[in-house]
């Protein structure tokens, strides 16, 4: 048995792998920016209205409240595991739209394009993570359903 196999078969590793805490923490980290965004919009509402204007949207309280609902509600679904797939797909869609709106690296002077492109692709990575969470949750639910023959 090599060193890696020994480490993976240790009782501590087995406890870690079977624990629900590491996956839940990973989901919390994936949702952290949205929880923080919802918090900021909730407690700094005027700044959220100004942010909408900055991105060319009307400073609509309805849009801010919609964002707050998404940024608090979808992570809650994900973290509680209740309709996790739905929360993940909502955040994937929200992130796609917000990224397209805020990180148009193709439409800015080249001096700003690199930084904006990096932010764009970081958010594309988040979208991929949320789609993966949704598919994993749906797969778990589909496999748990007894098959009728």
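Set the Förster radius R0 to 41 Å, insert the Cβ-Cβ distance between residue 43 and residue 21 as r into 1/(1 + (r/R0)^6), and round the FRET efficiency to 0.05. Efficiency for this residue pair is about 0.90. By definition, a body whose alpha carbon gyration tensor gives a ≥ b ≥ c is oblate when a/c is 1.5 or more and a/b is not larger than b/c, and the stretch 57-104 fits this oblate description. Between the Cα long axis of helix 61-80 and the first principal axis of the chain there is an angle of about 10°, rounded to the nearest 10.
Relative to the longest principal axis of the Cα atoms of the chain, helix 84-102 runs at roughly 30 degrees. Here the gap between residue 143 and residue 50, fully extended at 0.36 nm per residue and compared with their Cα-Cα distance, gives a gain of 28.9 nm. Starting from the Cα gyration tensor of the chain, take the square roots of the eigenvalues, sort them a ≥ b ≥ c, and report rounded, prolate or oblate (rounded when a/c is under 1.5, otherwise prolate if a/b is larger than b/c, else oblate). Prolate, since a/c reaches 1.5 and a/b exceeds b/c. When the square roots of the Cα gyration tensor eigenvalues are ordered a ≥ b ≥ c, the ratio a/c for the stretch 1-86 is 1.5 or more and a/b exceeds b/c, which makes its shape prolate. Axis angle, to the nearest 10 degrees, between helix 45-54 and the longest C-alpha principal axis of the chain: 70 degrees.
No value in this document is a laboratory result; all are computed from the given coordinates. In this text the structure is predicted, and so the values were computed from the model without any measurement. Counting neighbours? That spans all protein chains shown, and the Cβs are built from the backbone with ideal geometry, glycine included.
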